[in-house]
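Reading through the structure tokens given below for one structure.
The values are calculated or read from the model by the stated rules, or taken from the named source; none is laboratory data. From a predicted model like this one, the values you see are computed outputs, not experimental measurements. We place every Cβ from the backbone using ideal geometry, glycine too, and count neighbours over all the protein chains shown. Accessible surface is based on the protein model in full, side chains and every heavy atom, while ligands, DNA and RNA are left aside. Shrake-Rupley method; radii C 1.70, N 1.55, O 1.52, S 1.80 Å.
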Amino acid sequence: MRKVLTFLLVLFLSNTFLTTPAQAVQEIVITEPTHRLADGVFFDDELAAKLAPTGELGLLIYAPIRGARSWLVDPATISEIVAMSNGYVISDGWEIKDAQINGQDVAKAWLVQFLKVSRSEKISVLTYGNPSRYWVDQLLENQITYINASGKISLEGVLGKATTQSAFQNGEKQGLSKQNINFLKYAQRQIELFSTLVDQKELLNYQLRISQLLNPNIEKDLLQDLIKDLDKSIIQLRNKLKISKTKFTITSSNEELPITLVNNFESAINLKLSVRAVNSKVIVTPVEQIKIAGNSKQQVFLPVEVLATGQSSLLAQLTNLDNKPVGYPVDINLKLSVISPVATWITSGAAVLLFIAALVQSLRRVRRGR
């Protein structure tokens, strides 16, 4: 009987105090697909509704505490909540309108409550935007370490405490069309090209945006709109470094054409100007090793030799120091109004001969008159 009582006591103590970590710690995941455009403007008010005490995200932090907890947090979701707490408007197509509910106060209250309940609990950081692991491996394999580090720094700035990087990866495969895949590869390629010229921090928002759009919970129709929005953003990125379009009338056989280059990045940039003529009427020399200060314009002189009159044009393209094109190419139209040296010599010779002939004729008339 004593042995039986001892066994039951041990069993009771085991169930009471020796619970497994999985039973003792409840893991709460905070993540939400994006509700903003690439420029940071919200396109709906759904996030505010979800942050309310009875909303999906609100229930996670306002509900009564039951045992110990740990948190898996998407820094992209927290960034959007912080942006909403600072005041926001809603983009409805081309129109910007005020929010229908007081999302700013809702977001502020949610952040205060989240900081309060998670103060002494472990927080692990998800990859920014909680993207599909499959597409991360396909599209962002070389950038994922930088994306994770940036997301972690961003979240710690809001929390005011250290976090750990979660090993969790979203195993759901997002359904992307071939067109979307090709565009995302193109967008990533542009970011990588500009990273050879400017500080990587200036490209961070573009990089994080691609990661956000790989979240498999984004609805298909919405994803198409967000892809189009990202396309506009990449166009703006490429236009931050450009050649001012112009045209010239050339009246001498050798000239230096003033070309204006624009750098709208904060970083100073070292690059090259690659130029080729579309026909054989001109010969042009490219300009090597140009340095443009941040947020400035600079004029460079392009040596041109004219071989024939008529119309021509130059195709100008900025490149990095490895001769890879950045920005958009520009056509520079040329009107060539140059008289060639041979034609000048023939014309001058004919004029001399006419003068001599006229002089001889005049002498003959004088002699006849005498």
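Dimensions of region 255-297 along the principal axes, based on C-alpha atoms and rounded to the nearest Å, stand at 39, 16, 15, largest first. By the compact-protein rule of thumb, 2.2 N^0.38 Å, the alpha-carbon radius of gyration of region 291-330 corresponds to a ratio of 1.53.
For the chain, the fraction of 1.4 Å probe accessible surface lying on carbon and sulfur atoms is 55 percent. Pairs of Cα atoms nearer than 8 Å and 6+ residues apart set the relative contact order; for region 244-341 it is 36 percent.
Residues whose amide H falls under 5 Å from that of Ile218, counting only those 5 or more places apart or on a different chain, are absent, with hydrogens built in the peptide plane. With bins 10 Å wide beginning at 0, the percent of Cα pairs of region 101-184 falling in each bin runs 15, 36, 29, 19, 2. Among the listed pairs Lys122/Lys201; Lys242/Lys324; Lys242/Lys291; Lys178/Lys242; Lys201/Lys240; Lys185/Lys220, a Cα-Cα separation exceeding 24 Å is found for Lys122/Lys201; Lys178/Lys242. When the P(r) of region 26-239 is calculated, the portion above 23 Å amounts to 47% of the C-alpha pairs. Dividing the summed helix terms, -39500 (n - 2.57) for each DSSP H run of n ≥ 4, by the number of residues in the chain produces a 222 nm estimate of -13500 deg cm²/dmol to the nearest 500.
Which residues among region 144-185 fall inside the zone where the amide N is under 20 Å from a point 7 Å beyond the Cα of Glu121, along Cα→Cβ? Within reach of a label on Glu121: 152, 155-169. Hydrodynamic radius of region 146-283 by the Kirkwood approach over all distinct alpha-carbon pairs: 18.9 Å. Rounded to 0.05, the FRET efficiency of the Gln224 and Glu172 pair, given R0 = 25 Å and the Cβ-Cβ distance, is 0.85.
Taking only Cα atoms and a 10 Å spring cutoff, compute GNM fluctuations for the chain and point out the largest among Gln190, Gln26, Gln169. Ranking Gln190, Gln26, Gln169 by mean-square fluctuation puts Gln26 first. With every protein chain left in place, what is the accessible area per residue of region 244-341 in square angstrom, probe 1.4 Å? Per-residue value: 53 Å². Applying Stokes-Einstein at 20 °C and 1.002 mPa s to the Kirkwood radius of the chain, computed over alpha-carbon pairs, gives a translational diffusion coefficient of 82 µm² s⁻¹.
Quote the Stokes-Einstein diffusion coefficient, in whole µm² s⁻¹, for region 40-161, based on the Kirkwood radius over alpha carbon pairs, a temperature of 20 °C and a viscosity of 1.002 mPa s. Translational diffusion coefficient: 136 µm²/s. A quarter of the convex hull surface defined by the alpha-carbon atoms of region 244-341 gives 5.8 nm² as the mean projection. Its relative contact order, with pairs defined as Cα atoms under 8 Å and 6+ residues apart, puts the chain at 12 percent. Note on Val112 and Ala68: the model spin-label points, each 7 Å out from Cα along the C-beta direction, lie 3.0 nm apart.
DSSP bridge analysis restricted to the chain gives an antiparallel fraction near 70%, rounded to the nearest 5.
For region 231-275, evaluate the Debye formula with one uniform point scatterer on each Cα (no solvent term) and list log10 I(q)/I(0) at q = 0.24, 0.27 Å⁻¹, rounded to two decimals. Per q value, in the given order, log10 I(q)/I(0) is -0.99, -1.12.
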